[in-house]
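Q: Below is one structure. I have some questions about it.
The values are calculated or read from the model by the stated rules, or taken from the named source; none is laboratory data. Note that the structure is predicted; figures quoted are calculated from it, not measured. Neighbour counts run over all protein chains shown; Cβ positions are idealised from the backbone, glycine included. Please note that ligands, DNA and RNA were not included when accessible areas were found on the heavy atoms of the full protein model with its side chains. Shrake-Rupley method; radii C 1.70, N 1.55, O 1.52, S 1.80 Å.
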Amino acid sequence: MKLLLDTHVFLWFINQDHRLSQKFREAIENPEHEIFVSVVSIWECVIKYQLGKLPFPESPTIYLPQQRSQHLIKSLVVDEASIAHLMNLPLLHRDPFDRLLICQALQHQLMIVTEDRAILDYPMVNALQ
């Protein structure tokens, strides 16, 4: 299975947060699964860090790539083919970061790991819930 972690799931996983369900943790830790985090999520984290809304033990430009690498999570870049999905994506969710994650999941046939109900409202999204 190929999984794309929503930003909150990635953060909960790397910080061993109790809010991460056992089901999600087991799916992420399963060596048979290919796990991705989008640069969109990293971008979102950097912005929230700059606004003082998200603390990290060191700069997110150092900490997040280190954590991603340590946990064998692959980086997913944003490409034009993913952006093209925005034109056909209903406006069920207004968050631009989440809309891009949905587009990437569609383009790369990834299952999104999320607890975000607004993402789960998209019928075309394949999500682990």
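Q: Regarding Leu86, is this residue out of contact with any Ser or Thr (no Cβ under 9 Å at 6 or more places or on another chain) and under 16 Å from Leu128 (Cβ atoms)? Step through it out loud before you land on a result.
A: Working: out of contact with any Ser or Thr (no Cβ under 9 Å at 6 or more places or on another chain): yes; under 16 Å from Leu128 (Cβ atoms): no.
No.
Q: Name every residue in the stretch 16-26 that is open to solvent by 40 Å² or more (accessible area, probe 1.4 Å) and of a type in the set (D, E, K, R), in order of residue number.
A: Matches in the stretch 16-26: Arg19, Lys23, Arg25, Glu26.
Q: Let me ask something additional. Please work out which residue is least open to solvent (accessible area, probe 1.4 Å), limiting yourself to the stretch 27-38 and to residues that are assigned to a loop (DSSP other than H, G, I, E, B) and out of contact with any strand residue (DSSP E or B) (no Cβ under 8 Å at 6 or more places or on another chain).
A: From the stretch 27-38, those assigned to a loop (DSSP other than H, G, I, E, B) are 30-33; that's our starting set.
Subset that is out of contact with any strand residue (DSSP E or B) (no Cβ under 8 Å at 6 or more places or on another chain): 30-32.
Working: Asn30: 48, Pro31: 123, Glu32: 155 Å².
Among residues in the stretch 27-38 that are assigned to a loop (DSSP other than H, G, I, E, B) and out of contact with any strand residue (DSSP E or B) (no Cβ under 8 Å at 6 or more places or on another chain), the one least open to solvent (accessible area, probe 1.4 Å) is Asn30.
Q: While we're looking at this one, here's another question. Considering only residues of the stretch 79-129 that are among the basic types (Lys, Arg) and under 17 Å from Val40 (Cβ atoms), which is nearest to the chain's Cα centre (by Cα)? Steps first, please.
A: Residues of the stretch 79-129 that are among the basic types (Lys, Arg), as a first pass: 94, 99, 117.
Okay, now just the ones that are also under 17 Å from Val40 (Cβ atoms), so 94, 99.
Numbers: Arg94: 16, Arg99: 11 Å.
Restricting to residues being among the basic types (Lys, Arg) and under 17 Å from Val40 (Cβ atoms), the top hit is Arg99.
Q: Would you pick out the residues in the stretch 107-129 that are open to solvent by less than 50 Å² (accessible area, probe 1.4 Å) and either out of contact with any strand residue (DSSP E or B) (no Cβ under 8 Å at 6 or more places or on another chain) or aromatic (Phe, Trp, Tyr) (or both)?
A: Within the stretch 107-129, Asp116, Ala118, Tyr122 qualify.
Q: Now for a separate question. Can you pull out the residues in the stretch 13-62 that are among the polar types (S, T, N, Q) and within 20 Å of Phe97 (Cα to Cα)?
A: Those that are among the polar types (S, T, N, Q) and within 20 Å of Phe97 (Cα to Cα): Ser38, Ser41, Gln50, Thr61.
Q: Now, a different point. Quick one: in the stretch 1-15, of everything that is open to solvent by 40 Å² or more (accessible area, probe 1.4 Å) and either in a loop (DSSP other than H, G, I, E, B) or in contact with a Pro (Cβ under 8 Å, 6 or more places away or on another chain) (or both), which residue is farthest from His108 (Cα to Cα)?
A: Asn15
Q: Could you check, for the stretch 39-52, whether at least one of its residues is surrounded by 14 or more Cβ atoms within 10 Å (Cβ to Cβ) and not in a helix (DSSP H, G or I)?
A: Looking through the stretch 39-52, none of the residues is surrounded by 14 or more Cβ atoms within 10 Å (Cβ to Cβ) and not in a helix (DSSP H, G or I).
Q: Right, something else. Across the stretch 53-102, what is the number of residues that are open to solvent by 60 Å² or more (accessible area, probe 1.4 Å) and in contact with an Asp or Glu (Cβ under 8 Å, 6 or more places away or on another chain)?
A: Selection size over the stretch 53-102: 2.
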